[in-house]
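Have a look at the structure below before the remarks.
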Amino acid sequence: MTGFDMTKLNLRLPIIQAPMAGVTTPALAAAVSNAGGMGSLGLGAVNAATAATLIKEMQEKTAQPFNVNFFAHDEPRRDPISEQRWLTCLAPLFKTFGSSPPDTLTAPYQNFDNTPDIVSVLLALKPSVVSFHFGLPSHEKITALKQAGIILMATVTCLAEAKKAQENGIDILVAQGIEAGGHRGIFDTTSRDDAYSTAVLTGLLTKNCPLPVIATGGIMDGSAVISALRSGAIAAQLGTAFLGCPETGISATYRQALTSDEAWHTQLTHLVSGRPARIIPNSFSALDCDTSPPPYPIAYDAGKALHHAARQQNNHSFAAHWAGQGAPLCRFLPVHTLMKTLEAEMKSGL
Ligand SMILES: Cc1cc2nc3c(=O)[nH]c(=O)nc-3n(C[C@H](O)[C@H](O)[C@H](O)COP(=O)(O)O)c2cc1C
């Protein structure tokens, strides 16, 4: 392993609460950091001003290290003809909700490299950790953040991505297995996806790459955290396990979905956003359409518009209830109690 100084993370417990855009709140993430783990804010879908407000709120709530996460996807290649074809495919669904598709699609948010002022915000506020999903930002931005003493992490799904992260100066790998909830962090969705489980990927990376590895995907309790450590991980990153905490920003229907029979059958679909993501099955994942969606995040604009149209009719069947395969093991506990429970389970599992 590289000479990375783990004490910088000041982890009393090897538990990272996963960044989850649209779900994580300063109340959730700060409570995790204050309980001895590390909380994360998913800031991939907000602009620099909102990111600054949320980071300042975190800094008021905790003096402990925390992570802020951004999306580093490739700039989508625009193709108006295929975008129109996708909207035509969705038009009958909009019609069932008395609506029609938008005339055109736009990216609902920018990737990290193209988000104005985001690096200046991070250099001014200096969160301890910044992490990236879907790829890596430019060399110039990585260098600027590292020179400010910020620790950098990146989600990876295979050894080739891990090596690229290492070559580009990332400090810690987040090894995401196929069980994971939400979007798969694969860099290039057109490349072969070996769909490694979390345990296999963690083992492969810890033995073949010198960077420290955080395991993520399907880790729902303290004994699973211990298993990840035994596979060589320095910590476990849990997303779905925190979805039931009252400190998240999720809706009542999302909570209901987590306790439904469907939560036992999470699926990977690229139809909601244009990238593969694990979701509790909804009308989107059941969509039978021979047209491919536009690239991420253009397709998400249509996905969000369809959900909005359905919700106007009190229909939540197009809501994106992201969750991992462990969803039925989700516990609906406040962060403080969940962290204590995880700690007790870890102790008894040792
Ligand atoms: C609702 C939800 C939203 C997510 N959003 C993000 C995100 O914004 N950035 C990110 O790096 N990972 C995101 N992820 C993936 C997590 O970082 C992590 O890989 C995943 O939650 C691990 O699997 P688990 O849910 O089984 O614990 C999200 C996951 C979920 C469940």
(message) I'd like to check something: does segment 1-10 contain any residue that is open to solvent by less than 10 Å² (accessible area, probe 1.4 Å) and over 14 Å from G249 (Cβ atoms)?
(response) yes
Note on segment 213-258: residues of a type outside the set (A, V, I, L, M), more than 10 Å from the ligand (Cβ to nearest atom) and crowded, with 24+ Cβ neighbours inside 10 Å are C245
When restricted to T143, T96, T115, the only residue of a type outside the set (A, V, I, L, M) and under 23 Å from F284 (Cα atoms) is T96
Within segment 179-208, of all residues that are part of a loop (DSSP other than H, G, I, E, B), touching a Phe, Trp or Tyr at 6+ places or on another chain (Cβ under 8 Å) and within 11 Å of the ligand (Cβ to nearest atom), the one farthest from G239 (Cα to Cα) is G185
Here the residues within segment 1-26 that are assigned to a loop (DSSP other than H, G, I, E, B) and within 16 Å of the ligand (Cβ to nearest atom) are L13, P14, A18, P19, M20, A21, G22, V23, T24, T25
Counting only residues that are of a type in the set (S, T, Y), within 15 Å of the ligand (Cβ to nearest atom) and either part of a helix (DSSP H, G or I) or not assigned by TED's automatic domain parsing to the domain that holds L123 (or both), segment 27-65 contains a total of 1
Taking segment 166-178 and the residues there that are out of contact with any helix residue (DSSP H, G or I) (no Cβ under 7 Å at 6 or more places or on another chain) and over 19 Å from A236 (Cα atoms), the one that is nearest to the ligand (Cβ to nearest atom) would be Q166
Of (1) at pLDDT 95 or above; (2) surrounded by fewer than 18 Cβ atoms within 10 Å (Cβ to Cβ), S283 fails just (1)
Within segment 288-318, residues being in a loop (DSSP other than H, G, I, E, B) and either surrounded by fewer than 20 Cβ atoms within 10 Å (Cβ to Cβ) or more than 15 Å from the ligand (Cβ to nearest atom) (or both) number 14
Flagged in segment 261-280 as without any contact (Cβ under 8 Å) to a residue 24 or more places away in the chain and either open to solvent by less than 30 Å² (accessible area, probe 1.4 Å) or under 21 Å from G217 (Cβ atoms) (or both), in numbering order, are E262, H265, Q267, T269
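The values are calculated or read from the model by the stated rules, or taken from the named source; none is laboratory data. All values derive from a computational prediction rather than experimental measurement. FYI the Cβ positions are ideal-geometry reconstructions off the backbone, even for glycines, and counts take in every protein chain you see. Heavy atoms of the whole protein, side chains included, go into the accessibility calculation; ligands, DNA and RNA do not. Shrake-Rupley method; radii C 1.70, N 1.55, O 1.52, S 1.80 Å.
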